[in-house]
Amino acid sequence: MKWAALVGGYGSNLEAMLEYGNPVHLVVSHKANVRALEVAEKYHIPAAVLLPKDFRVREAFDQALLNLLQRENIDALALAGYLRWLDPAVIAQYRGRAVNLHPALLPSFPGLGAVEQAYRHGVFWTGVTVHFIDDGHDTGPIIAQAAVPRYREDTLEDLRERIQHHEHRLYPRIVEAVDTGLVRLDGQNVVWEESKSWINGHY
Ligand code: GAR
């Protein structure tokens, strides 16, 4: 499948995906001048910037996004630091072929600032979630999670780094599993072709 990575920040997960060999054919950023665009350039992946401020309403922004994805024959979406909710029109086109990465153990701490929310809450464990995207906000069927400890002496930055380390290992493998059909969405259920131990053994 031809994947688009939707980004908006530092691009470390985009870099992990490209290093791993995920078939990313297009990078779309909702912010200009972000490092993720430099990562795209370094790996010679075509990149586009769509700025929300250039569109009068949210639907127009997402229609432009959808037009771009369809013009480039994109089959699947991997969100990696894309800090916007996708319009239902986009989600409908990519149901079962759109995944999101979230830096917490959903359904705990959805939305923005998840690492900080968990840190301030004083959790002992937090983590990383990869899920299929549905119409809700961070509510889609969960494909995989990694639990990450938060130690007493951790600063927020320590925790953020530990979570990112796990993101970089987990996300490319899950994108690959979706890409190859090893895991798929059946209604609201996540179905693995083999035992889920596959991911435990490889991650
Ligand atoms: C990642 O930690 C990802 O989990 C988070 O943004 C970061 C992007 O980092 N996404 C969300 O918080 C989505 N709600 P990156 O640009 O270095 O890949």
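The values are calculated or read from the model by the stated rules, or taken from the named source; none is laboratory data. The shown structure was predicted, so the numbers you read here are calculated from the model rather than taken from an experiment. Note: ideal-geometry Cβ built from the backbone for every residue, glycine included; neighbour counts use all protein chains shown. SASA here: full protein model, heavy atoms, side chains in, ligands and nucleic acids out. Shrake-Rupley method; radii C 1.70, N 1.55, O 1.52, S 1.80 Å.
The single condition among (1) among the charged types (D, E, K, R); (2) surrounded by 14 or more Cβ atoms within 10 Å (Cβ to Cβ); (3) without any contact (Cβ under 8 Å) to a residue 60 or more places away in the chain; (4) part of a loop (DSSP other than H, G, I, E, B) that R56 does not meet is (2). Among the strands (runs of 3 or more DSSP E) confined to region 84-203, the ones with at least 2 residues that are within 30 Å of F55 (Cα to Cα) are located at 98-102, 125-132.
Just one residue in the set A80, A92, A36 is closer than 20 Å to H131 by Cβ, of a type in the set (G, A, S) and under 16 Å from the mean Cα position of the chain (by Cα); that residue is A80.
Taking the criterion of being more than 10 Å from the ligand (Cβ to nearest atom), of a type outside the set (V, I, T) and buried (at least 21 other Cβ atoms within 10 Å of the Cβ), the residues of region 87-118 that qualify are A98, A118.
Scanning region 137-150 for residues that are under 13 Å from V99 (Cα atoms) and either of a type in the set (A, V, I, L, M, F, W, C) or open to solvent by less than 40 Å² (accessible area, probe 1.4 Å) (or both) yields D138, G140, P141, I142, I143, A144.
Counting the residues of region 67-83 that are part of a loop (DSSP other than H, G, I, E, B) and buried (at least 16 other Cβ atoms within 10 Å of the Cβ) gives 4.
Number of residues in region 26-51 that are open to solvent by 50 Å² or more (accessible area, probe 1.4 Å) and within 12 Å of the ligand (Cβ to nearest atom) equals 3.
Under the condition of being more than 8 Å from the ligand (Cβ to nearest atom) and either part of a strand (DSSP E or B) or modelled with pLDDT under 95 (or both), the residues counted in region 1-25 number 6.
All of (1) away from the ligand (no atom under 11 Å from the Cβ); (2) closer than 16 Å to E116 by Cβ hold for I163 with one exception: (1). Would you say A36 is aliphatic (A, V, I, L, M), touching a Gly at 6+ places or on another chain (Cβ under 7 Å) and outside any strand (DSSP E or B)? The answer is yes for A36. As for region 162-179, it holds no residue that is polar (S, T, N, Q), surrounded by fewer than 17 Cβ atoms within 10 Å (Cβ to Cβ) and within 16 Å of the chain's Cα centre (by Cα).
For beta carbons closer than 8 Å, sequence separation of 6+ or different chains, a first residue in region 114-136 that is farther than 29 Å from E176 by Cβ and a second that is outside any helix (DSSP H, G or I) and of a type in the set (A, V, I, L, M, F, W, C), the qualifying pairs are Q117/A104; Q117/F109; H121/F109. Contact map, region 87-103: first residue without any contact (Cβ under 8 Å) to a residue 12 or more places away in the chain, second residue open to solvent by 20 Å² or more (accessible area, probe 1.4 Å) and part of a loop (DSSP other than H, G, I, E, B), Cβ cut-off under 6 Å, separation 6 or more or different chains; the map is empty.
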